[in-house]
Amino acid sequence: MDLEVGMIVEGKVTGITKFGAFVDLDGGKTGMVHISEVAPTYVNDIKDFLKEGQTVKVKVLTISDDGKISLSIKKAIPQQKRPSAPQSRSYPPKQTSSRPGNFEWQSSKKSEPSSFEDMLSKFKQASDEKMSDLKRMENKRGGYSRRGNSSK
């Protein structure tokens, strides 16, 4: 069977490395699934998802001129089973406590979705307010001179 980009085929996992897994395909061909293509979630340890000898469905992503075959397990999953989140990485939601790393420009309510533009606008507003506060404090203290001490 000739492989073509976009085909979904079955194969057997023959080797696992820290960066991916090697899969034997029909016709004696071997392809590699990069760790980022193993699951629709973040994969820290590939062995949590795959075992040697396991049969998996893979989608052929690319076939290079030198015969290297790039495969994806997560793209072989039917669309309705995939999470509806955008194609970016999913990170745990930030807690809104007063610990470092929480900023006023970030959404304070978990149910309130914020777009990047909204967050950027809030950040710019908070930044402008802080800069004007700093300038006011500098003027009250007398500031500093870039030319050195002027009391000579």
Discussion item. Can you pull out every residue in the range 1-35 that is in contact with a helix residue (DSSP H, G or I) (Cβ under 7 Å, 6 or more places away or on another chain) and hydrophobic (A, V, I, L, M, F, W, C)?
Written reply: Met1, Ile8, Val9, Ile16, Phe19, Ala21, Ile35
Fill in: Hits in the range 34-57 - residues which are open to solvent by less than 70 Å² (accessible area, probe 1.4 Å) and over 21 Å from the mean Cα position of the chain (by Cα)
Gly53, Gln54, Val56
Worksheet, complete the sentence: Per the list (1) in contact with a Pro (Cβ under 7 Å, 6 or more places away or on another chain); (2) at pLDDT 90 or above, residue check on Arg82 breaks on (2)
Practice prompt. Considering each residue of the range 1-28, count those that are more than 24 Å from the chain's Cα centre (by Cα) and open to solvent by less than 80 Å² (accessible area, probe 1.4 Å), and give that number.
Written response: 12
Fill in: Qualifying residue in the range 21-44 (condition: without any contact (Cβ under 8 Å) to a residue 12 or more places away in the chain and in a loop (DSSP other than H, G, I, E, B))
yes
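The values are calculated or read from the model by the stated rules, or taken from the named source; none is laboratory data. Please read these numbers as outputs of a predicted model, since none were measured by experiment. With ideal geometry, Cβ positions are generated from the backbone for all residues, glycine too; neighbour counts draw on all protein chains shown. Calculation scope for accessible area: heavy atoms of the full protein, side chains included, ligands and nucleic acids excluded. Shrake-Rupley method; radii C 1.70, N 1.55, O 1.52, S 1.80 Å.
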